[in-house]
Structures are given as C-alpha cells and as structure tokens.
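Here, each number is a calculation from the coordinates, and none is a lab measurement. Just so it is clear, the model here is predicted, and its values are computed rather than measured. All Cβ positions, even for glycine, are placed from backbone atoms using ideal geometry, and neighbour counts span all protein chains on display.
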Amino acid sequence: AQSVTQPDIHITVSEGASLELRCNYSYGATPYLFWYVQSPGQGLQLLLKYFSGDTLVQGIKGFEAEFKRSQSSFNLRKPSVHWSDAAEYFCAVVLTNDYKLSFGAGTTVTVRA
Amino acid sequence: SAVISQKPSRDICQRGTSLTIQCQVDSQVTMMFWYRQQPGQSLTLIATANQGSEATYESGFVIDKFPISRPNLTFSTLTVSNMSPEDSSIYLCSVEDDADSYNEQFFGPGTRLTVL
C-alpha cells in the first residue's frame, strides 16, 4: 500500500544540538517530497521540497533534507537547533501525476534548554 | 506565494448544528483543497474544490456531511453538517496555483472547531 512513514512520534533535543527527522515512503514511483512545519496554533509552513536533481535540498530556517532513492527516504536535518524549532514536523508526498498531498503522521520536536 | 485567510479562526458549536468555514485567497488559483486534522493527528484530505463543478471527495468523506462551494477562483467554503463531537478538528484549506504542473501547496491558518 502507498504510504508515508515517520517512525519517530516524538523527539527531544537540546538547544544547539543537531536534529534529524526520518521519513520513508512507499510508492511505485518516486513522488514529489516535502517537509512542512506546524508551530503551536499555526498553519503549515513549507520548509523544503524535492522534485528532481540534486538530492541534497536546502530549505528555510537552516533546514536541509537528503533524498535517497535506494532507501526510499527523505530525512530532514538541522545542524544546530534553536528553541523556536519546537514544533510538529510533517513529511508529505505528491504523486507526479496528481495534486493531492499525503502526509505522514508527524514528529513532535521538543527543544530543551 | 499565495496568502490565505480562513474564517472563523475557531468556534465552539453544539451537537447537531452546522458550521460553514470560509477560505479566501489573495490571487486566483486553480486548485483548492480542504483538509481535516483531528486532535494529535496528521492531516487528511477531505476534498478538492473545483471551480465550476462539484467537489471531488476522498474515501470516507461525503458531500452530505461536508458540502463544499467554489463560486470563483479566490474563494471556497466548507460546511461541516450535523456536527458531532467526533468532528472536533482543525480544518485547513490549501491552494496550488499552478494548473500546468505541481509546484507546492500553501495552507491557510486553519479553523479550530470544537463540538460539544
């Protein structure tokens, strides 16, 4: 079955430490890939996207993600986390012949001082 | 990028009533979508709102429960009908403004609905 999986429900990280959020997808073809962030009480903001080309994608707020076709993964990383990065992070995909976003379950990131 | 507003931002409603949520975009867009985010859950697509035709609903969602209007290219409404506590969710609209090829979706701030 087609799916987007975020294995980590909740991650706690110290301010200044690095962060990596995992995302795996299961589709017949490589979909378009996205990472969104939802801060408490806020809507969704796009961090970055991958359609094709360079497999290391730079996004806003210092985030980057790496597409690995062999592992069907699109993991999100940030070298040094700030307290304002505490939020819910969603991986999402769109099939290349469609417009409908499918979301993973989300990962809650808590940042401790 | 498109700027999207939603009204109301939140509401508390009684069981059995209906609520209409408005979504306004600052530019003309082809594709508009409605999502539901139940408490502590991810987002689930309810339907695609098409201008000039009926909305296209996803599995598990029906028009009688979630009627949608799309009178023009900048506006859409979602009605949550005959509400029950299980309808308590955040409802978000989104838009995709490139009809020729997918680019990205922009999301509104959401409407937080509580049904008592």
Review point. Just checking chain B: which Cys have no other cysteine's beta-carbon under 4.7 Å?
Key: B:CYS13
**Study point:** Projected area averaged over orientations for chain B, convex hull of C-alpha atoms, nm²
**Key:** 6.8
Review point. Over what distance in Å are the Cα centres of the stretch A:1-70 and the stretch B:61-116 separated?
Key: 24
Check your understanding: Taking neighbour counts of Cβ atoms within 10 Å as a proxy for exposure, in what order, fewest first, do A:ASP8, A:ASP98 appear?
Key -> A:ASP98, A:ASP8
Check your understanding: For chain A, what percent of Cα pairs sit more than 24 Å apart?
Key -> 19
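Taking the Cβ of A:ALA17 as the centre, find all other residues whose Cβ is under 11 Å away and add up their charges (Lys, Arg: +1; Asp, Glu: -1). Display every interim value, and only then the final one.
Details: positive: A:LYS78, A:ARG112; negative: A:GLU15, A:GLU20, A:ASP85.
Its environment carries a net charge of -1.
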Point to revise | Cα pair distances exceeding 24 angstrom across the protein assembly as shown, given as percent | key: 45
Check your understanding: In straight Cα distance, which lysines are under 17 Å from A:LYS49, not counting same-chain residues fewer than 8 positions off?
Key -> A:LYS61, A:LYS68, A:LYS78, A:LYS100
**Study point:** Contact order normalised by residue count of chain B, Cα under 8 Å, 6+ apart, percent
**Key:** 37
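Could you rank the peptides A:72-83, A:33-44 by their average count of other C-beta atoms within 10 Å per residue, with the highest value first?
A:33-44, A:72-83
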**Study point:** Unit Cα scatterers, Debye sum, the stretch A:54-102: log10 I(q)/I(0) for q = 0.24, 0.29, 0.31, 0.32 Å⁻¹
**Key:** -1.06, -1.20, -1.23, -1.24
